[in-house]
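Undergrad: Questions regarding the structure given below will be posed in turn.
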Amino acid sequence: MAFWDKIKSQFIDVIEWADSTHDTLVWKFPHYDNAIKNGAQLVVREGQAAAFLFEGQLGDVFKAGRHVLTTSNIPILTTLKNWKYAFNEPFKCDVFFVSTRQFTGLKWGTPNPIMLRDPEFGPIRLRAFGSYCIQVKEPGAFIRQISGTNTGFETADISNYLRDLLVSRFADALGESKIAALDLAANYTELGGEINQKLQPEFEEYGLTLTKFLVENISFPPEVEAALDQRSKMGVLGNMQQYTQMKTAEAIGDMANNPGSGGGMMGMIGGMNMGGIVGGAMQAGMQNQQSAPVAPPPLPGAAQFFAAINSQQAGPFDLNALKGQAVGGNLTRETLVWKQGMANWLPAGQVPELAGVFSAPPPLPA
């Protein structure tokens with residue numbers, strides 16, 4: 001009896017997984033050659049599932065709780081092992097624990113820029129990155145399709161494939177959205193939700209669910225961002241001639257107030273000399289402007305618009321000239337227009353000042 005008791009003590013009577021990691025999806029219970037005895041206790045914690053594999057075939061899958069392994073609650077395994085009535089002897093079977101909690105903070109990003117055609121800038125390149133969350137929905141399907149019989153399977157083992165899948169679907173959704181590049185930041189949530197919905201069927205094939213897909217940033221290449229900064233700066237500065245005159249006056253004042261190495265008087269003299277040089281340059285510029293033929297300035301209060309006609313900038317036009325362009329068919333409500341003070345080019349039909357341009361009666365028939 002002592003010998004039999006020693007043999008029985010080697011049989012596994014408690015099967016459980018105390019997961020101390022943060023990225024393990026599947027873990028194989030390491031019983032090696034030890035057999036599981038009849039009536040063994042299976043402990044499955046919250047956020048886990050346990051799957052039994054017998055000779056490579058998937059058997060029963062258990063959810064959270066404490067389970068006693070008998071023929072009454074392992075019907076698939078009982079069929080696979082061909083137990084006709086009940087089993088009283090120990091049996092060998094692979095037990096895989098699957099984490100069913102959410103795995104958050106997984107990263108995705110575009111390894112190469114995405115080429116798009118923007119309605120305002122034309123062909124552009126965009127980069128994007130963000131994060132996503134996944135959860136094992138069907139442990140059996142996940143083992144069959146992804147993890148197989150690996151003793152340990154982590155998020156890093158599947159993240160590369162999922163990232164490629166996410167980037168591909170993101171590029172497709174971004175191109176189909178037709179959202180202007182400058183308006184993308186206002187549509188991150190909508191893009192993420194659309195991609196999440198599209199990807200669900202593909203994730204379900206692997207027993208997974210995509211619980212969240214977040215777009216955190218979409219950016220231009222550095223050189224394009226620098227050009228946009230300059231464009232914004234010009235819009236803020238407004239009249240460049242007035243800005244230049246103001247900066248020149250400030251520079252003369254700073255030089256006059258700077259004592260320098262030769263005292264306050266030398267600084268004043270230097271300031272006066274610099275003022276003379278700048279003044280002379282400005283006077284020469286004014287003379288050159290007077291000698292060169294220039295178009296007369298617009299009437300006070302008359303709005304001057306530029307228009308994108310035949311894919312080229314034309315103008316400036318006042319309201320009467322724009323009416324003529326509209327009658328001739330060169331200007332429509334969809335034609336992009338711009339004037340001083342507007343942040344961006346807009347369709348003519350969206351500019352309130354141009355409402356009267358398109359209300360003119362058509363010409364009489366010949």
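Any read-out appearing in this document is the output of simple, stated calculations on the displayed coordinates, not a laboratory observation. Keep in mind it's a predicted model, so treat the numbers as computed, not measured. Every residue, glycine among them, receives a Cβ derived from its backbone with ideal geometry; neighbour counts consider all protein chains shown.
Undergrad: Please go through the residue pairs 137/198; 37/137; 37/81; 233/339; 63/92 and name each one whose alpha carbons sit more than 19 Å apart in this structure.
TA: The answer is 37/137; 63/92.
Undergrad: Related question: DSSP loop (so not H, G, I, E, B), at most 12 other Cβ within 10 Å: list which trypsin sites (Lys or Arg not before Pro) in the range 53-83 pass both filters.
TA: Answer in residue order: 63.
Undergrad: Express in nm, to one decimal, how much length is gained between residue 310 and residue 63 on full extension, taking 0.36 nm for each residue of separation and deducting their alpha carbon distance.
TA: 82.2 nm
Undergrad: Taking the simple approach of a point 7 Å from Cα along Cα-to-Cβ for both residue 125 and residue 183, what is their distance in nm?
TA: Using points 7 Å along Cα→Cβ, the separation is 2.6 nm.
Undergrad: Tell me, what is the FRET efficiency for residue 219 and residue 41 to the nearest 0.05, using R0 = 45 angstrom and their Cβ-Cβ distance as r?
TA: Result of the calculation: an efficiency of 0.25.
Undergrad: Follow-up. Could you tell me which of rounded, prolate or oblate describes the range 11-99, using a ≥ b ≥ c as the square roots of the eigenvalues of the alpha-carbon gyration tensor, with rounded for a/c under 1.5 and, failing that, prolate when a/b is larger than b/c and oblate otherwise?
TA: Judged from the Cα gyration tensor, the range 11-99 comes out prolate (a/c at least 1.5, a/b above b/c).
Undergrad: Whole-Hz Karplus ³J(HN,Hα) for the range 108-121, in order, using 6.51 cos²θ - 1.76 cosθ + 1.60 and θ = phi - 60°, x for Gly and Pro?
TA: 9, x, 7, x, 10, x, 9, 7, 9, 9, 9, x, 9, 9
Undergrad: Could you run the Karplus curve 6.51 cos²θ - 1.76 cosθ + 1.60 with θ = phi - 60° over the range 43-54 and give me ³J(HN,Hα) per residue in whole Hz, x for Gly and Pro?
TA: Values, residue by residue: 10, 10, 7, 4, x, 9, 9, 10, 10, 9, 10, 10 Hz.
Undergrad: Order by neighbour count: 114, 143, fewest other Cβ atoms within 10 Å first, most last.
TA: 114, 143
Undergrad: Give the order of 22, 67, 31 when sorted by the count of other beta carbons within 10 angstrom, beginning with the fewest.
TA: Lowest count first: 22, 31, 67.
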